[in-house]
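None of the figures in this text is laboratory data; all of them are computed from the coordinates on show. Nothing here was measured: the structure is a model prediction, and the numbers come from that model. Neighbour counts are summed over all protein chains in view; Cβ atoms, including those assigned to glycine, are modelled from backbone coordinates with ideal geometry.
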Amino acid sequence: MKKIVMLVSGRGSNMVAIAQALAQHSWPAQIVAVIASRADAPAVAAATRMGLPVQVLDARGIPDRSRYDQTLLTLVEQQAPDLVVLAGYMRILADEFVDRFAGRLVNIHPSLLPAFPGLHPHRQALQAGVKVHGATVHMVTRELDSGPIIAQAVVPVGADDDEQSLAQRVLQAEHRIYPVAVRWLIEDRLIFSGQGAWLDEGSGALQALIGSEFTGHDDI
Ligand code: GAR
């Protein structure tokens, strides 16, 4: 059994999607801890409802950033995780943390990276007038919203879209790709080559969700 630690700050819908997929498909992994950076994050209640072990490390209680970072590192390390999953975790991780969990630290960002990193990606997409937008699952490196890309989901942008409608469409796609990417990581199915992370089956097309299905693949 691989051990997964999840870091959350907000709603927790990606956490729920991954936890449900794990439970439904009996993947060889378990969530050993959900760590929340806010006590009032809806993710805390959602994790509790699902019977997941939750710990709160509220950033407001530890204003000193380096002490917070050190405490987080210790908490996560205690779990000896095979995989650390950022699921709407809205704090910048310390370089030491990223280095310690290099190769087992994964994030989802709601844009087609490298486009629109950082804050307000949906607003950035609307302002740019792009016709497609989406989400990216990627390994975490020191550089923000960077690192080898594992999977991407593409959604259309319409003339009537606002930030909220676009975010909602992207979020639904996130819930499709993140559990799949976590499964690939659990099963050690990714090959890291060049700038990317490639599925062992060899076609990057399998790693793109366009429309409702992963391209060319129906059993994911
Ligand atoms: C998701 O849209 C996720 O992609 C985004 O926060 C949201 C969390 O939703 N993450 C980032 O912007 C990280 N840079 P959730 O709490 O319902 O999973």
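How much length is gained on full extension from residue 48 to residue 165, taking 0.36 nm per residue of separation minus their Cα-Cα distance? Mind showing how you got there, number by number?
Details: separation 117, 0.36 × 117 = 42.12 nm, distance 2.85 nm.
Result: 39.3 nm gained on full extension.
Based on DSSP H assignment, which helices of the chain show an axial Cα extent of at least 30 Å together with a mean Kyte-Doolittle hydropathy greater than or equal to -1.0? It would help to have the intermediate numbers written out before the result.
Numbers: long enough: 163-186 (33 Å, -0.02).
Sorted by number, the helices that extend far enough and score high enough are 163-186.
Explain nothing, just the number: relative contact order of segment 1-147, from Cα pairs under 8 Å at least 6 residues apart, as a whole percent. List each step's numbers first, then the result.
Details: 242 pairs, mean separation 34.3, N = 147.
Result for segment 1-147 is 23 percent.
Calculated from DSSP H runs of 4 or more alone, at -39500 (n - 2.57) each and per residue, what is the 222 nm mean residue ellipticity of the chain, nearest 500?
Values: 6 runs with 73 residues, N = 220.
Value at 222 nm, helices only: -10500 deg cm²/dmol.
Which percentage, to the nearest 5, of the DSSP beta bridges contained in the chain is antiparallel? List each step's numbers first, then the result.
Working: 17 of 38 bridges.
Expressed as a percentage, antiparallel bridges in the chain total about 45.
Test of understanding: in a Gaussian network model of the chain with alpha carbons linked when under 10 Å, which of 158, 194, 12 would top the mean-square fluctuation ranking?
Its mean-square fluctuation being the largest, the pick is 194.
Under 5 Å between amide hydrogens, which residues at least 5 positions from residue 105 or on another chain qualify, with H placed 1.01 Å from N in the peptide plane?
84, 140
Among 120, 109, 25, which one moves the most in a GNM of the chain with springs linking Cα atoms closer than 10 Å?
Top of the fluctuation ranking is 25.
Restricting things to alpha carbons, tell me how big segment 63-220 is in terms of Rg and Dmax, in Å.
Answer for segment 63-220, Rg first and Dmax second: 16.2, 49 Å.
Could you pull out every residue, at least 5 positions away or on a different chain, whose amide H is within less than 5 Å of the one on residue 187? Hs are placed 1.01 Å off N in the peptide plane, and Pro or chain starts have none.
Distant-sequence amide H within range of residue 187: zero hits.
Within the chain, what is the longest stretch that has no GluC sites (Glu not before Pro) placed in a DSSP loop and near at most 16 other beta-carbon atoms within 10 Å?
Working: sites that count: 143, 187, 201.
Maximal segment without exposed cleavage sites: 1-142.
Using Cα-only point scatterers and the Debye equation, what is log10 of I(q)/I(0) for segment 1-144 at each q in 0.09, 0.10 Å⁻¹, rounded to two decimals?
Log-scaled intensity ratios, in q order: -0.28, -0.35.
Put a dot 7 Å past each Cα toward the Cβ at residue 99 and residue 24; how far apart are the dots in nm?
Taking the two extended label points, one gets 4.1 nm.
Among 165, 9, what is the fewest-to-most ranking by other Cβ atoms within 10 Å? Numbers along the way, then the final one.
On the way: 165 13, 9 18.
Going from sparsest to densest Cβ surroundings: 165, 9.
Under a 5 Å amide H to amide H cut-off, with H placed in plane at 1.01 Å, what residues pair with residue 151 once short-range neighbours are removed?
137
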